[in-house]
Amino acid sequence: MDALAGLATGFGVILTPGNLYYCLLGSLIGTLVGVLPGVGPLAALALLMPMTFVLTPVAGMAMLASIFYGAMYGGSTTSILVNIPGEAASVVTCLDGHQLARQGRAGAALGIAALGSFFAGTLSLIALTLFAPALAAVAIRFGPPENFALMVLGLVCTLYMISGSTAKGVLMIALGFLAAAVGIDVVNGKERFTFDSIQLTAGIELLAVVIGLFGVSEILANVESQARSTLVANRIRGLWPTREDWRVSWRPILRGSGLGFLLGIVPGGGPVTASFMSYALERRIATQPERFGHGAMEGVAGPESANNAAVGGSMIPLLSLGIPGNAVTALLLGSLVIHGIQPGPLFMTQRPDLFWGVVASMYVGNVFLLLLNLPLVGIWVQLLRVPYRILFPLVLLLSVVGTYSANKNLFDLWVMLGFGIAGYLLRKLEYDLAPFVISFVLAPLLEQSLRQSLVMSPDGALILAQRPVTAGLLVVALVLAALMFRRPVRLGDN
Amino acid sequence: MAERALNCFWILLGIAAAIHAHGLGMFGPSGPESGLFPLIAGLLIAATGIYLLVGKTATTNPAWPRGPALWRVLGVVAGLTLLAGATQYVGFAVASAITMLVLLKSVERAGWIESLAITLAAVTVVMGLFGHLLGMPLPRGPWGW
Amino acid sequence: MKRMSLLAALGASLIAGAIALPVAAQGTDTKAVLAKLKPKDFPSQPIEFTVVYPAGGGMDVTARLLAKYVEKVSGERIVVNNRTGGAGMVGHAYLATQAKPDGYTVGIIANLVWGDAMLRAQGKWSYTDLEPVGYINSDALTWIGQTDGALKGRSLKDVLQIARDKPSTLRVAIVPGSMWEYLVEQLETASGGKFLRVPFQGGGPGITALVGGNVDIAQGFLAEYRGHLEAGKVAPIAVAAGARLVNQKDVATFNEVLGASDYVWNVIRFAVTPKGTPADRKAYLGAIMKAAMQDPELIEEYRKAGAFFDATLAGSASIATDLDKYATRERDFYQKSGRLK
């Protein structure tokens, strides 16, 4: 009951016109940066952080947090409408979301994405409210061996994501591993595949890869077939999800919420991993997996719920221990430090006003975002009628600025262009690009955590069997992999 | 044809990567060294490349762009190359305006007035959004903007 | 000799402190001095503070606090820009080779730039391409352990004894290719013990691993572990500073425990401009930073964040010369340890 009393305190703190205003402002900005291709929550938070220095800590945190989860709401919009991910956690939403839009069902997809995000966000907040300290205590014990097992599980899930030729999918996964190796090996500081270039030493930027593979290549494909003057030639059928949409979506939303929340708490997870794994899960358990990639509503509902739930999850180690699990939460931590607050294990007891104020603000923010996004559905759908020749130069320009915003490094534009051309050619040859991205994200963590585990273990590889969570996750991964090869493997084209 | 060329490329890439990775060291005293994972990835790429090359996989026959469609694709690539290359010297505002004009004229074959209007609008929106609203320092030209 | 310099340093810090307060109190005087130094045509647009590490980290927080107070004392607009990648490599190279030397780009960097320049720049740039304009603050690398478990209440001597008796059992979190690793290496060479060096991508993740029981010793800065310290989860073992820190008087230094003088691994944060920046602009930038650094509120903010002020550098007449002494010390270590020929 302490939690409920605390939450009441939190609402007392947050329900003032001033604090509500900043929460609403953050929700608006978050939706905007989510919608803009390329500009992710990280760049937006870094840019807007100075604005919050003049605010009270609780107003500043409420605003920054709402930008973070607001971006998860907005990210699906661009994916569904123009087949370009608004940010990396919405890559998989393109796969089925845009197909739905092509079938004239953009409104339904946007609606499911918004409502799924709301339910997932709220569910993860309830879990955060009730179990934050206990979950944090578990999360902190999550060390390199556990991370390794989780990454193996993620990689096995990736196998389930491959659509079309299995051989080509495996090749893309291997290529993702190779691309991720470029740069400084974090385990020993050695340079790999850098060819004496300072730029390559830094490795390849994920955002540039995503925008190149999915944004630039999509634009190239579209300008080639100029037949369509607008994105959706079909008539737009209905703005809202139907009863049938709900029937297929509610389970994926619940599963996505749980999966995303757990992946948000643990160090190696986060919104990107959560959305990919949710998609793989939905496709694995679907009765008709062949519907995926051709406009399956579950393929939107699951991942979009998962990335929002991951935000709630990632706030747990931050708020209860002062430990940031990813770059965005690290930034939130930094903004607290600038306010002269150092969150740690005592944060909850020393500053209950702030802890519960931020939690309460997230409940409020989710409601704001739902109220904001539902009416926007109608407006976004109209965007599909804008002639493509006006839309594409603007999207291209925004992609360029968004890519630049990540590191302020012009080299990233060349990376984006290179991956754009490669993506265009590979898509022509029926290569599935999503496995490349997820393997690119997972590979460094997988390699690093395995090598860390072996260094810290006096018994070598036995450490993977000695730790129960590690062993459990690895067994699950093995079973999943075995299930995959039980059915006839479709190598080559099918 | 293109498919075969690509498969050959995969094989070469995979082998080259594996050779480079081998030079980075395979195993150290406490487990894998820097080279092991890239080596595996490289070998896997080469192996799937061989499989795709000699295996009985139905080759896809992609419709490559030709004529005006090819020019439109090349136009976008040229525009982005220009933008990435010129920004450092003339600043983002000028580089993106030139790129937009090139794109609209070459790819879309729009009229001058329409092109200029769209360019002006797009550059203003982007500069306003990032330069002012978000306060992001975009690369500047020698004239200070 | 050592005692002498320590006394001198102490004196300098007292003097610096004594000067700091009156100057800040006489704000109008500062304003007049700054107005006199201000070049006619500079600045006509916002000044960019370039940070080569991600937003939210220790370096970023330092720069943003500085920006706030520089704006306050000078009225100039400051924009903090994070140019990230490769653990600072990309940003350092940008500052040294690409940034325009027009005074509008100021790098807020740390001494980690020397390692990049000496070991990884491949001769493409050198740290002399960056000219220091002002010292900001320092943080000392501290060894910390858990308050319960195997190392409960152990001193540095005990820890080194364990590393000798049971080599390769104690797990220490390091960041490869930087001072986190060099300190462990120094200790191993000197004591004959052996640690398991578990690599992490930064100091923070290593401390998280300590709290989670995945390593036995972590190394970090006060700001990074203060939360866990206050909660009684971790305790400092020793600090790699030249003298005990004012904000942690009860923590022994490596030097005093081991009777040595070369266990000094600090992060020194300072501001630089690209080589070739006009002298008058550089002087003005130096002056507004110095004025901001004398604001007691900023000093308090930095203290609260866990930083300390190196008396030699804070009271330095020529910051470039004094920083160069530290850089030379680092170069010696690289040469002695065979990293640099």
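Any read-out appearing in this document is the output of simple, stated calculations on the displayed coordinates, not a laboratory observation. The model shown is predicted, which means the values in this text are computed figures rather than measured ones. No Cβ is skipped: glycine too gets one built from the backbone with ideal geometry, and neighbour counts run over all protein chains shown.
The fraction of all Cα pairs in the protein assembly as shown landing in successive 10 Å bins from 0 to the largest distance is 2, 11, 21, 25, 22, 13, 5, 1, 0, given as whole percents. Among C:Lys68, C:Lys249, B:Lys105, sorting on how many other beta-carbon atoms sit within 10 Å of each Cβ, with the fewest leading, yields C:Lys249, B:Lys105, C:Lys68. Only Cα pairs under 8 Å and 6+ residues apart enter the sum, and on that basis the relative contact order of chain C stands at 26 percent. For segment C:84-193, trypsin sites (Lys or Arg not before Pro) are listed when DSSP marks them as loop and at most 14 other Cβ atoms sit within 10 Å of their Cβ; the list is C:Lys124, C:Lys152. The alpha-carbon of C:Lys40 sits under 18 angstrom from the alpha-carbons of these lysines, leaving out residues fewer than 8 places away in its chain: C:Lys31, C:Lys282. Check the straight Cα-Cα distances from C:Lys68 and name the aspartates and glutamates below 19 Å, setting aside those fewer than 8 residues away within the same chain. Cα-Cα hits under 19 Å: C:Glu48, C:Asp60, C:Glu76, C:Asp295, C:Glu297, C:Glu300, C:Glu301.
Ranking C:Leu258, A:Gly420, A:Val328 by how far each Cα lies toward the positive end of the dipole of the protein assembly as shown (charges on Cβ) leaves A:Gly420 at the top.
One Cα centroid belongs to segment A:426-448, the other to segment C:226-275; the line between them spans 42 Å. Ordered by the number of other Cβ atoms lying within 10 Å of each residue's own Cβ, fewest first, C:Asp250, C:Asp280, C:Asp129, C:Asp332 fall into the sequence C:Asp250, C:Asp332, C:Asp280, C:Asp129. Take each peptide in A:324-337, A:292-305, count the other Cβ atoms within 10 Å of every residue, and average; sorted highest first, the result is A:292-305, A:324-337. Look at the stretch A:334-347: the mean tally of other chain Cβ atoms within 10 Å of its residues' Cβ atoms is 6. Suppose R0 equals 51 Å; then what is the FRET efficiency for C:Arg303 and B:Asn61 from their Cβ-Cβ distance, rounded to the nearest 0.05? FRET efficiency, C:Arg303 to B:Asn61: 0.15. Highest mean packing first, where packing is the average number of other Cβ atoms within 10 Å per residue, the peptides A:191-198, A:241-248 line up as A:191-198, A:241-248. Taking amide H as placed 1.01 Å from N in the peptide plane, the amide H of C:Val215 sits under 5 Å from that of C:Leu210, each at least 5 places away or on another chain. Helix B:2-22 axis versus longest C-alpha principal axis of chain B: approximately 70°, rounded to the nearest ten. Excluding residues on the same chain fewer than 8 positions from C:Lys152, give the lysines whose Cα lies under 24 Å from its Cα. The qualifying lysines are C:Lys166, C:Lys194, C:Lys233, C:Lys249. The mean number of partner chain beta-carbon atoms within 10 angstrom of a residue's beta-carbon across peptide A:401-413 is 6. Across peptide B:96-103, the mean count of Cβ atoms from other chains lying within 10 Å of each residue's own Cβ comes to 3. Placing pseudo-labels 7 Å out from each Cα toward the beta carbon at B:Ala117 and C:Leu119 gives an inter-label distance of 6.0 nm. Here the convex hull built on the C-alpha positions of segment A:2-493 has a volume of 147 cubic angstrom per residue. The ranking of A:Glu290, C:Glu48, A:Glu146, A:Glu430 from fewest to most other beta carbons within 10 Å of each one's beta carbon is A:Glu290, A:Glu430, C:Glu48, A:Glu146. Two tests apply to each whole DSSP H helix in chain A, Cα reach of 20 Å or more along its axis and mean Kyte-Doolittle hydropathy of at least 1.6, and the ones passing both are A:106-140, A:166-181, A:468-486. How many angstrom lie between the C-alpha centres of segment A:47-71 and segment A:102-150? A separation of 21 Å, based on Cα centres.
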